[in-house]
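Just below is one structure, and these are the notes that go with it.
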Amino acid sequence: MLTIVKHPLIETKLSILRDEETKTKEFRESLDEIASLMCFEVFKDLKTYESDQKFKTPTGVELNRIKLENKIVLAPILRAGIGMVDGIKKMLPTARIGHIGLYRDEKTLKPHEYYFKLPVVNNPLVLVVDPMLATGGSALAAIDAIRKRGYNNIRLMCLVGTPEGVKTIEDKYPDLPIYLAALDERLNENGYIIPGLGDAGDRIFGTK
């Protein structure tokens, strides 16, 4: 269920994100643009229907408004996931937005939930959003938390990931769609993705 979203515009913008000299403003803008571009692949199989809402074209033809069958719920993992939300909202301005807060125990390295809030809607499709899929621990914890609340239609969208991170998700949820802009080589001894792009949260928010 892994999809690598390949596109020349994504590849050029991803090279900007990987550059250690890229400043916060340009990093945010490029991340925003990639998130928008990835939406075309992530949501390409969504079903639509003709609603009862009618409108007229400039030539006077009356048509029914086309709408999505699913209500889209964005679930960014705090804090770096927030950096991808605006780009997705540009494509899906009606999407609802929740938040999932996780922290990592310094001794066990296990993620723990400290905040969870998702909108309650009919026929939801939840998109978990986080720029990095490293070990996969945080993404897996987020998916577990979402399923525990009764949401079953879930997808994961990350910027870059590793084979280890993908395997972590696939081992437990083999049917869950995963979308990446790039599958990188590996994790280093400090848990950073190689080649990666550093700490996405720090680069998005300018905290380092």
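What follows draws every value from the coordinates through simple rules; no lab data is involved. Quick caveat, the model's predicted, so the values are computed rather than measured. Positions of Cβ are generated from backbone atoms using ideal geometry, with glycine treated the same way; all protein chains shown enter the neighbour counts.
What's the FRET efficiency of D105 with K54 using the Cβ-Cβ distance as r and R₀ = 41 Å, to the nearest 0.05? Present the calculation step by step, with values, prior to reporting the outcome.
On the way: r = 55 Å, r/R0 = 1.34.
Efficiency computed from Cβ-Cβ geometry: 0.15.
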If one builds a Gaussian network model of the chain from Cα atoms under 10 Å apart, the most fluctuating residue listed among E26, E69, E189 is E189
P(r) over all Cα-Cα pairs of the chain, 5 Å bins from 0 to the longest distance, whole percent per bin, short to long, reads 1, 7, 15, 19, 20, 15, 9, 6, 3, 2, 1, 0, 0, 0
Taking a straight Cα-to-Cα line shorter than 16 Å from K13, and setting aside same-chain lysines fewer than 8 residues away, one finds K23, K25
Within the set F43, F116, F27, GNM on the chain using Cα springs under 10 Å gives the largest fluctuation to F43
Computed for the chain: size of charge dipole around the Cα centre, +1 on C-beta of each Lys and Arg, -1 on C-beta of each Asp and Glu, debye to nearest 20, value 800 debye
Region 76-208: relative contact order from alpha carbon pairs under 8 Å, six or more residues apart, as a whole percent, is 21 percent
Evaluated at 25 °C and 0.890 mPa s, the Stokes-Einstein D of region 1-47 based on the Kirkwood radius over Cα pairs, in µm²/s, stands at 212 µm²/s
